[in-house]
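The values are calculated or read from the model by the stated rules, or taken from the named source; none is laboratory data. Because the structure is predicted, anything quoted here is derived from the model rather than measured. Virtual Cβ from ideal backbone geometry, glycine too; neighbours counted across all protein chains shown.
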Amino acid sequence: MKKILATILLSSSLVFATENNKIVKIGQETSLKLMKALKFHLIKAMSESPYEAIDVCHKKALKITKQIEKEIDHGIKIKRTSIRYRNPLNKPNKEELEALEYFEKSFKEGKNPKYYIQKVKDGYNFYKPLKIKAICLTCHGNPKNMDKKLYEKIKKYYPEDKAINYKLEDFRGVIKVYIPQELVK
Ligand code: HEC
């Protein structure tokens, strides 16, 4: 009896381990794809002027995200979200808030988790944390140190902006990748 129980337990944890590997693989690949695309457009625009780059983030970030979703297909969904969000369309829902709070707490405790996985109806949510790098401070730093014209433009597009006053290496938010159940079977 004990042996049977052990075998059942072992095989179910093995099933979960392979499912887990697939979730991590799809999650990492998808978020990397989005990060690369956003970075490409951002750097291209910033090399002209950060003032213009705001328009890239403002008009293109959500479009680029949708475009990548379409390219990957298979029902995968991608979203960027944050507790201190800039665009109200990126506001976290209840389950996203749970992931954001998990990262916030872990980083405060000196831990460094690379991802968070949530079982949801019909699939999984994979979350990748994003930290503030020097380039991010141009638009998410202390307004006193930001280009005046640039900050005015941010305020105009996002009157309720919460995404300022970050410091280097602060936890900024997550990329969430929803992965349908059938992709990890
Ligand atoms: C040129 C200015 C600019 C730079 C540089 C920039 N951002 Fe943003 N960021 C924005 C704007 C504008 C938005 C709102 C985008 C939208 O309307 O969807 C935004 C939104 C976000 C969001 C989505 C959640 C929210 O607040 O709406 C995250 C996450 C984010 N930025 C992280 C970063 C990180 C990490 C970096 C550095 C690697 C960075 N940003 C660099 C301007 C910038």
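Numbers below:
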quantity	calculated
K70 within 15 Å of the ligand (Cβ to nearest atom) and either modelled with pLDDT under 95 or out of contact with any Ser or Thr (no Cβ under 6 Å at 6 or more places or on another chain) (or both)	no
Filter result for G110 (more than 24 Å from P88 (Cα to Cα) and of a type in the set (G, A, S))	yes
Pair list, Cβ < 9 Å and 6+ apart or interchain, from the stretch 85-103 residues that are under 15 Å from Y127 (Cα atoms) to residues that are part of a helix (DSSP H, G or I) and within 9 Å of the ligand (Cβ to nearest atom)	N90/A61; N90/L62
Some residue of the stretch 165-172 being surrounded by 18 or more Cβ atoms within 10 Å (Cβ to Cβ), within 11 Å of the ligand (Cβ to nearest atom), within 16 Å of the chain's Cα centre (by Cα) and assigned to a helix (DSSP H, G or I)	no
Every residue from the stretch 26-49 that is within 15 Å of the chain's Cα centre (by Cα) and of a type in the set (K, R)	K33, K36, K39
Residue within the stretch 111-134 that is part of a helix (DSSP H, G or I) and not basic (K, R) present	yes
Number of the condition not met by A99 [criteria: (1) modelled with pLDDT of 95 or more; (2) surrounded by 13 or more Cβ atoms within 10 Å (Cβ to Cβ); (3) in a loop (DSSP other than H, G, I, E, B)]	(3)
Given (1) among the basic types (K, R); (2) more than 10 Å from the ligand (Cβ to nearest atom); (3) under 21 Å from F40 (Cα atoms), number of the condition K133 does not satisfy	(2)
Selected residue (criterion: nearest to the chain's Cα centre (by Cα)) from residues of the stretch 145-164 that are under 28 Å from K105 (Cβ atoms) and within 9 Å of the ligand (Cβ to nearest atom)	A163
All positions within the stretch 78-103 that are more than 12 Å from the ligand (Cβ to nearest atom) and of a type in the set (S, T, Y)	Y102
